[in-house]
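S.K.: Dumping the structure here so I can ask a few things about it.
The values are calculated or read from the model by the stated rules, or taken from the named source; none is laboratory data. Computed from a predicted structure; not experimentally measured. We place every Cβ from the backbone using ideal geometry, glycine too, and count neighbours over all the protein chains shown. To get the accessible areas, we keep the full protein, side chains included, count just its heavy atoms, and leave off ligands, DNA and RNA. Shrake-Rupley method; radii C 1.70, N 1.55, O 1.52, S 1.80 Å.
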Amino acid sequence: MTQYKPQTRAYAAQQATAPLAPFSFERRVPGPNDVAIEILFCGVCHSDLHTARNEWHNTIYPSVPGHEIVGRVVAVGDAVKNFKEGDTVGVGCMVDSCQHCATCAEGLEQYCENGFTGTYNGPLFGGENTYGGYSSSIVVSEKFVLKVSHTDKLAAVAPLLCAGITTYSPLRQWGVGKGHKVGIVGLGGLGHMGVKIAAAMGAHVVLFTTSPDKKADALRLGAKEVVVSKNEDEMAAHANSFDFILNTVAASHNLDPFIALLKRDATMTLVGAPEFPHPSPGVFGLIMGRKRLAGSLIGGVAETQEMLDFCAQHDIVSDIEMIRMDQINEAYERMLKSDVKYRFVIDMATLG
Ligand code: NAP
Ligand code: ZN
């Protein structure tokens, strides 16, 4: 193994109300199964903001967010089989899981029965904190490292590692394909990936937005129709017509108007994880059509690789706005105003 320096530069939140600021710490020395990665780009997910500001009431400080990581391998442990120095790789939302429960054996590490280890904010059920991708390097067990093939658009690939897999996984799980009428709610980081991926799967995609000025973009990204969700007449025109709806909204909102648009037996899956609970659903909207409300969390390692390969094959990347590391606090404020087209990505060369 070549010399790897554990000293790592980063940006961290020290408490919920503090802006992110420079921070440094030491990564572990790579073990036999570890891959050490120089981080080139990191996407900015709304979950980073929820975590930095302790909106899920589980943040361990200091908090270094970032789980849409692409970079270059700088060192590998002796037992690493699939990666070598110089490879272009990705790391998503997980860096470990128990690897022995039945769920891990199925390749569903995100639902690990003993709790997966998040790329940032540590293991779900106690243990040491982990520091994410707003940093110069990361050391990850080979099992959780992904191969990135469309290396010419590396910055725009970064958001696939969370926004891409979080939308791809439920679209696959609920069998979206040709001839299906599929709704995507919210045109943010997740939503714009959902539109692109569902369209590539052959679905008739309808985008629901609270921002009428995003209409042209939604059509350009692959939606066939756009509905302003606050407009009751526009909503009513689609009653009982959807095979599937994927809801990516980052804020608490009324779910009933969307449930009313599902066909009998159809499902709306929530991936958005707002700070405050939704005020609904009402029971009748569900029982009067045997409709289903579900949830979905990111995707497993194998499925993440499948998604990256699918996106490479269909030439799908994220629409990004590149920022410097020191613009992160401003980027969070803009994200809260739905003012991002459609993912901020940090150029880690600006970390200083
Ligand atoms: P984002 O880029 O901020 O996009 C969220 C979108 O939601 C906005 O662009 C906006 O779209 C819509 N929206 C915002 N406030 C709204 C409101 N009050 N009412 C209705 N719509 C509103 O966020 P993101 O990074 O895509 O993440 C979305 C959510 O998914 C976050 O809660 C995040 O934590 C969660 N997440 C979950 C998973 C998982 O595994 N389940 C993974 C990653 C992220 P319009 O302007 O089009 O209305
Ligand atoms: Zn994320």
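S.K.: Among the residues of the range 243-254, are any of a type in the set (Ser, Thr, Tyr), touching a Lys or Arg at 6+ places or on another chain (Cβ under 9 Å) and open to solvent by less than 50 Å² (accessible area, probe 1.4 Å)? Steps first, please.
M.R.: Start the filter on the range 243-254 by keeping residues that are of a type in the set (Ser, Thr, Tyr), which leaves 248, 252.
Next cut, touching a Lys or Arg at 6+ places or on another chain (Cβ under 9 Å) only: none.
No, the range 243-254 contains no residue that is of a type in the set (Ser, Thr, Tyr), touching a Lys or Arg at 6+ places or on another chain (Cβ under 9 Å) and open to solvent by less than 50 Å² (accessible area, probe 1.4 Å).
S.K.: Output the residues belonging to the range 189-241 that are of a type in the set (Gly, Ala, Ser) and surrounded by fewer than 15 Cβ atoms within 10 Å (Cβ to Cβ).
M.R.: Within the range 189-241, the first condition is being of a type in the set (Gly, Ala, Ser), and the residues that meet it are 189, 191, 194, 198-200, 202-203, 211, 216, 218, 222-223, 229, 236-237, 239, 241.
Answer for the range 189-241, where residues must be of a type in the set (Gly, Ala, Ser) and surrounded by fewer than 15 Cβ atoms within 10 Å (Cβ to Cβ): Gly202, Ala216, Ala236, Ala237, Ala239, Ser241.
S.K.: Which one of these is modelled with pLDDT of 95 or more, farther than 21 Å from Ile320 by Cα and either polar (S, T, N, Q) or touching a strand residue (DSSP E or B) at 6+ places or on another chain (Cβ under 9 Å) (or both): Phe41, Phe83?
M.R.: Numbers: Phe41 fails: farther than 21 Å from Ile320 by Cα.
Testing whether each residue is modelled with pLDDT of 95 or more, farther than 21 Å from Ile320 by Cα and either polar (S, T, N, Q) or touching a strand residue (DSSP E or B) at 6+ places or on another chain (Cβ under 9 Å) (or both) leaves just Phe83.
S.K.: Determine which single condition Asn58 fails, assuming it passes every other condition in (1) of a type in the set (S, T, N, Q); (2) open to solvent by 10 Å² or more (accessible area, probe 1.4 Å); (3) within 25 Å of Met193 (Cβ to Cβ); (4) within 16 Å of ligand 2 (Cβ to nearest atom).
M.R.: (3) is the only condition that Asn58 fails.
S.K.: Looking only at strands (runs of 3 or more DSSP E) that fall completely inside the range 1-98, which ones have 3 or more residues that are among the aliphatic types (A, V, I, L, M)? Talk me through it step by step, then tell me what you get.
M.R.: On the way: elements: 7-12, 21-26, 34-43, 69-76, 88-91, 94-96.
Counting at least 3 such residues, we get 34-43, 69-76.
S.K.: Given the conditions (1) touching a helix residue (DSSP H, G or I) at 6+ places or on another chain (Cβ under 7 Å); (2) modelled with pLDDT of 95 or more, which single one is not true for Ser149?
M.R.: In the conditions (1) touching a helix residue (DSSP H, G or I) at 6+ places or on another chain (Cβ under 7 Å); (2) modelled with pLDDT of 95 or more, Ser149 misses (2) alone.
S.K.: Cβ-Cβ under 6 Å, sequence separation 6+ or interchain: first residue in the range 9-23 and modelled with pLDDT under 95, partner surrounded by 14 or more Cβ atoms within 10 Å (Cβ to Cβ). Which pairs?
M.R.: Between residues of the range 9-23 that are modelled with pLDDT under 95 and residues that are surrounded by 14 or more Cβ atoms within 10 Å (Cβ to Cβ), there is no close pair.
S.K.: Can I ask one more? Tell me which residues, restricted to the range 38-55, are within 12 Å of ligand 1 (Cβ to nearest atom), among the polar types (S, T, N, Q) and open to solvent by 10 Å² or more (accessible area, probe 1.4 Å).
M.R.: Of the residues in the range 38-55, the ones within 12 Å of ligand 1 (Cβ to nearest atom) are 43-53, 55.
Filter once more, keeping what is among the polar types (S, T, N, Q): 47, 51.
The one that is within 12 Å of ligand 1 (Cβ to nearest atom), among the polar types (S, T, N, Q) and open to solvent by 10 Å² or more (accessible area, probe 1.4 Å): Ser47.
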